[in-house]
Amino acid sequence: MCLVPAPWHGMSRSIHYSNNIIYITVEEFNIKTRVVGVDISMERTTYAIVDVRGNIIAEGHFATLDYPDVNNYVTALSEKIVMLVEENGGYETIRSIGISAPSASNLSGCIENAANLPWKGVIPLAAMIRDRIGLAVGLANDAHIAALGEYVFGSAHGMSNFIVIHIGSGLGSCFFSNGRDHKGVQGFAGELGHTCVVDGGRDCGCGHKGCLETYTAAKGIVQTAREMMAESDKPSLMRDIEHLSPRTISECCDKGDEMAIEVYRKTGYMLGIGLANYASIINPEAIILTGGISHAGHWLLDPTYDSFEAHVFPNMRGHVKLLLSKLDDRERDALGASALAWEVPEYSLFK
């Protein structure tokens, strides 16, 4: 009997018998070395082709709110992904697609009752994209994707027990325990933004009152600023800003505006309480802040840390790092979505 070497990587071997002769056939098969990562936020949808080493080959984006009808949105996103893929190597190079979205469940593949997106109810987004494009699709909550991005590419690299907080139009979180992200029974673990910090407080898009994100996410920060200006005649640069936002408020802080600084002090105080409660249960090594609101830097971080230390379980005081992400938000979330894509069992209509 003739001995043949094992097939090369990228080869498959089949063996069959005929007339007492062994026939060995070696066939080449395509190893797909790229995935597509998609990050959906209220403001923008970013999509990127990412290779196996985490390099972004090509990317594009469009305004999410241009498509208030989810069917039109899925059509637009599918067409844009297909165009980008065809311009950069074609379908044969793409293994799968990973998608990050608010209020998404990795277990159901659906966006469910998102408070900060235009599409209401349960949206089977993973199945809708899969049926349009013909590739395997994984979908997960944006905070879980941010945590995955930090774990693989960012500040949490090398950590096993940590929390990632994503603060933008909403507030979400994910925690890793012993190197694995905790999803919960339905995939919604970590909804810190919808924990109550003020009984009967501000109305929240989830239908409850007094949720943490109503005081610490974008709309909540602006509301705090407007309330403070209405309650006082103290001068402030914020009074001259037509379109107030967390970014413009932090710019006022940079210019020494005392009322703007107080807005972020109040925001940090509330956020610190929420994080202290969270950490007292989880006992993490670090908490990493991501998202647009984290760009306020020390104006947010300093009061948050002071409040955190004042409210956390005493045995943890001084032992939990509070960090700002060093990654670009869009890049991290696209990379995190690509990491999710590699975990999805491969499937294609085009094999």
*Helix 329-343: angle to the longest alpha-carbon principal axis of the chain, degrees 0 to 90, nearest 10?*
40
_As I understand it, the dipole of the chain uses +1 on the Cβ of Lys and Arg and -1 on the Cβ of Asp and Glu, about the Cα centre. Which of VAL263, ALA126, ALA276 lies farthest toward its positive end?_
ALA126
_Per-peptide average of other Cβ atoms within 10 Å, ordering 74-81, 162-169 highest first_ = 162-169, 74-81
*the stretch 244-302 to the stretch 312-338: how many Å between their Cα centroids?*
13
*Near the amide H of GLY201, under 5 Å away, which other amide H atoms are found, from residues 5 or more places off or on another chain, if H is placed in the peptide plane?*
GLY210
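What's the magnitude of the charge dipole for the stretch 28-81 around its Cα centre, counting Lys and Arg as +1 and Asp and Glu as -1 at the beta-carbon? Answer in Debye, nearest 20.
On the way: 5 positive and 8 negative charges, 41 e Å.
Magnitude of the dipole: close to 200 debye.
Based on the Cβ-Cβ distance from ALA76 to ASP199, what FRET efficiency comes out when R0 is 41 Å, to the nearest 0.05? Spell out each step's value before the answer.
Details: r = 42 Å, r/R0 = 1.03.
Plugging the Cβ-Cβ distance into 1/(1 + (r/R0)^6) gives 0.45.
For ASP51, what charge total do you get from the other residues with a beta carbon under 13 Å from its beta carbon, if Lys and Arg give +1 and Asp and Glu give -1? Could you put the intermediate results ahead of the total?
Working: positive: LYS32, ARG34, ARG53, ARG95; negative: GLU59.
Once all neighbours under 13 Å are counted, the net charge is +3.
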*With axes computed from alpha carbons, what is the tilt in degrees of helix 218-231 against the longest principal axis of the chain, rounded to the nearest 10 within 0 to 90?*
10
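Given the chain, what percent of its DSSP beta bridges are antiparallel, to the nearest 5? Can you show the working numbers first?
Working: 37 of 57 bridges.
Expressed as a percentage, antiparallel bridges in the chain total about 65.
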*Can you pull a Stokes-Einstein diffusion coefficient for the stretch 258-351 at 25 °C (0.890 mPa s), Rh from Kirkwood over Cα pairs, as a whole number of µm²/s?*
161
*Of the labelled options (1) 129; (2) 148; (3) 169, which one gives volume of the Cα convex hull per residue in Å³ as computed for this structure?*
(3)
*Place a label point 7 angstrom from the Cα of ALA230 along the Cα-to-Cβ direction, then list the residues of the stretch 192-208 whose backbone nitrogen is under 13 Å away.*
202-203
*What does the charge dipole of the stretch 131-238 about its Cα centre add up to, to the nearest 20 debye, if the Cβ of each Lys and Arg holds +1 and the Cβ of each Asp and Glu holds -1?*
120
_Let me check I've understood the local charge: for TRP119, count other residues with C-beta under 12 angstrom from its C-beta, Lys and Arg +1, Asp and Glu -1. What total comes out?_
-1
*Charges only on Cβ, +1 for Lys and Arg, -1 for Asp and Glu: so what's the dipole of the stretch 240-351 about the Cα centre, in debye to the nearest 20?*
380
*With a Förster radius of 41 Å, plug the Cβ-Cβ distance of GLU87 and ASP254 into 1/(1 + (r/R0)^6) and report the FRET value to the nearest 0.05.*
0.50
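Between LYS32 and HIS182, take the C-beta separation as r, use R0 = 45 Å, and let me know the FRET efficiency to the nearest 0.05. Walk me through the intermediate numbers first.
On the way: r = 30 Å, r/R0 = 0.66.
Result of the calculation: an efficiency of 0.90.
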*Taking K and R as +1 and D and E as -1, what net charge do the other residues with C-beta under 11 Å from the C-beta of ASP333 add up to?*
-3
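The numbers here are math on the coordinates, done by the rules we state, and not lab data. Note that the coordinates shown come from a computational prediction; the quantities given were computed from them, not determined experimentally. Every residue, glycine as well, gets a Cβ built from its backbone with ideal geometry; the counts of neighbours run over all protein chains shown.
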